[in-house]
Amino acid sequence: MENAKAQDSNEELDITLNHDHILILDFGSQVTQLIARRLRESGVYCEIWPFNHAPAEKIKAFNPRGIILSGGPRSVLEKDAPEAPAVVFEMGVPIFGICYGQQTMVKQLGGKVEAEQSREFGRAFVDVVADSKVAKGVWDKGAHEQVWMSHGDHVAEMPDGFRVIAKSEGAPFAFIADTDRRFYGTQFHPEVVHTPHGADLLKNFTHNVCGCSGDWTMAAFREEQIAKIREQVGNGKVICGLSGGVDSSVTAVLIHEAIGDQLTCIYVDTGLMRSGESEQVVDLFRNHYNIPLIHEDASDKFLDGLEGISDPEIKRKLIGNMFIEVFDACSARVGGAEFLAQGTLYPDVIESVSFTGGPSVTIKSHHNVGGLPDDMALKLVEPMRELFKDEVRELGRELGMPEDFIRRHPFPGPGLAIRIPGEVTGEKLEILRKADLIYLDEIRKTGLYDEIWQAFAVLLPVKTVGVMGDARTYDYVCALRAVTSTDGMTADTYPFSHEFLGRVSTRIINEVHGINRVTYDITSKPPGTIEWE
Ligand code: XMP
């Protein structure tokens, strides 16, 4: 399905006809997506385009109210350094250059950039020396404000028409502006939380300088997408694979609202789900929403297929292939389906057109159970291509979906199979389900569920000796994992109290036959990964 995801972002432009919108040109910064998030949070629709996938005609046709130039890892002093397309400075729209974006703007407009003796990273303070529309009501003249810097070069000479708004000891041109042309540039990153008022500066730029009205709301998005789905699908039939996760669930509910029973959902029960999960999915979709649903219990097939397999990558591939086989057979039963609905999100779209490309090394082949073969000959319906994960949750709320469904922790496609290192058996699955249920029950009771990105139990292929009552036991070891994260790319261990961990351990050992020892995993990511396989 990768090729289907990699459509050009031009294809989604119709949404911009209805809303004020901003273009973000990406120079490869790690935090470019945060610029988009800050803008969306203030009700402004925006898109991120790689700087080198932005021909002049396309930018003009997009007709943004303003343009933001992101940071980036390169130096403008390098030969062939990335530049903003010249048209950007000729369109008469406001521009905000951040870090590398500021430096390339300065260089392209005739100013000077120099290499720093030493690179400046992290927290810094700026003195605000002049008023500006971007700082109005946020930073007063004379104030001393915290910002977050991350740069190797700095502006040494401003182009004509610019003046300094704020400066720091290390960066005399930390914040500059040409108010006539409405060009602004910061050496620091306003998009990160470590610049405490950064989001307000960006809001001033989009609302007060660019004149955006902040009309990008979930209610408006919902109505627009419903109209769009009806237009795309007509009287056709749509199938949608449900995984039990937030993305596919919200996709299905939105599409059902648009086209009713022209949608059939397919839920392949792999037998690798957590306790009660399949029942919840079936109950929500079939009984609560009355959405036609094929619930295919394929647990025997998956368990047979996994017999004797302990290599994690082979497990993932086998599960992916079996899933496709079962899904294919189910969709044939629907008969005459022309469309396949997918919960593709904006980060997947950006990734697929990013000039920096994806990771070069395969750590794990994240074989999504939702990944379907290219030869299905179905047209894609992807109503959430413009949304970030937190916006999907907001849309779910807008659609009245149950809160506990919306807040669910992510769950991997291959399910519990990758939480049982070594061979997966029915007996081990049963043991793990019970332990996991107790762990999550205690987390919910303690009110910690929403603070945690993911929490789960892992059943190790190791037996150890214990003593219960007067008897010797020889049972499995269970490891508990809980992490905080914002995107799953990096993660920290959740700092449970010893009292909490002791309570969970006691309950698991007392209540789950087959486990006599519990450990807590305190590895961050990196170097560990979130899942154990
Ligand atoms: P790792 O273990 O790579 O996980 O740190 C990062 C995030 O990805 C999820 N994950 C998967 N999701 N298929 C999926 O759909 C997979 O094979 C898979 N492996 C890991 C993991 O749960 C975490 O949220």
Next item on the list: Would you mind checking which residues have amide H under 5 Å from Ile294's amide H? H placed 1.01 Å from N; only 5 or more apart, or other chain.
Entry: Cys265, Ile266, Tyr267
Check: For the range 69-86, in order, what is each residue's ³J(HN,Hα) by Karplus, 6.51 cos²θ - 1.76 cosθ + 1.60 with θ = phi - 60°, in whole Hz (x at glycine and Pro)?
Finding: 9, 7, x, x, x, 7, 10, 5, 7, 6, 5, 6, 5, x, 10, 6, x, 4
Checklist line | Whichever lysines have a C-alpha closer than 17 Å to that of Lys379, once near sequence neighbours (fewer than 8 apart) are set aside | finding: Lys5, Lys228, Lys237
Next item on the list: Go through Ile98, Gly43, Trp139 and say which Cα lies farthest out towards the positive end of the charge dipole of the chain; charges sit on Cβ, +1 for Lys and Arg, -1 for Asp and Glu.
Entry: Trp139
Note to self: Need one number: nm distance between label points at Asp390 and Ile226, each 7 Å from Cα along Cα→Cβ, rounded to one decimal.
What the structure shows: 2.6 nm
Checklist line | Local net charge near Leu254, Cβ-Cβ under 14 Å (Lys/Arg +1, Asp/Glu -1) | finding: -3
Checklist line | Using θ = phi - 60° and Karplus 6.51 cos²θ - 1.76 cosθ + 1.60, couplings along the range 248-263 (whole Hz; Gly, Pro as x) | finding: 5, 5, 5, 4, 5, 5, 5, 5, 4, 5, 7, 10, x, 6, 5, 9
Notebook entry, point to check: Heavy-atom accessible area of Met91 with all protein chains present, probe 1.4 Å, nearest 10 Å²?
Noted result: 50 Å²
Next item on the list: State to the nearest 20 debye the size of the charge dipole of the chain about its Cα centre, where the only charges are +1 on K and R beta carbons and -1 on D and E beta carbons.
Entry: 720 debye
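Only Lys, Arg, Asp and Glu count, each charged at its Cβ (+1, +1, -1, -1), so figure out the dipole size of the range 376-523 about its Cα centre, rounded to 20 debye.
400 debye
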Next item on the list: Any aspartates and glutamates with Cα under 17 Å of the Lys463 Cα? List them, leaving off those in the same chain fewer than 8 positions away.
Entry: Glu423, Glu427, Glu430, Asp475
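I'd like the carbon and sulfur percentage of the solvent accessible area for the chain, probe radius 1.4 Å, heavy atoms only, ligands and nucleic acids excluded. Intermediate values should be presented prior to the final figure.
Numbers: 11290 of 22950 Å².
So the carbon and sulfur contribution to the accessible surface is 49 percent.
Relative contact order of the chain: what whole-number percent is it, with Cα pairs under 8 angstrom and at least 6 residues apart?
Details: 997 pairs, mean separation 58.2, N = 533.
About 11 percent, as a whole number.
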Check: Using θ = phi - 60° and the Karplus curve 6.51 cos²θ - 1.76 cosθ + 1.60, what whole-Hz ³J(HN,Hα) does each residue of the range 468-479 get, with Gly and Pro shown as x?
Finding: 10, x, 10, 9, 7, 10, 9, 9, 6, 9, 10, 10
Notebook entry, point to check: Hey, which of these cross-link pairs are over 25 Å Cα-Cα: Lys315/Lys428; Lys79/Lys112; Lys389/Lys525; Lys58/Lys133; Lys60/Lys141; Lys79/Lys525?
Noted result: Lys58/Lys133; Lys60/Lys141; Lys79/Lys525
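Please report the antiparallel percentage of the DSSP beta bridges confined to the chain, to the nearest 5.
Numbers: 37 of 76 bridges.
So the antiparallel bridges amount to about 50 percent of the total.
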Next item on the list: Could you pull out the GluC sites (Glu not before Pro) across the range 253-339 that fall in loop regions by DSSP (anything but H, G, I, E, B) with no more than 13 other Cβ atoms inside 10 Å?
Entry: Glu307
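The values are calculated or read from the model by the stated rules, or taken from the named source; none is laboratory data. Please read these numbers as outputs of a predicted model, since none were measured by experiment. Note that we place each Cβ from the backbone using ideal geometry, even for glycine, and neighbour counts take in every protein chain shown. Note: areas computed on protein heavy atoms with side chains; ligands, DNA, RNA excluded. Shrake-Rupley method; radii C 1.70, N 1.55, O 1.52, S 1.80 Å.
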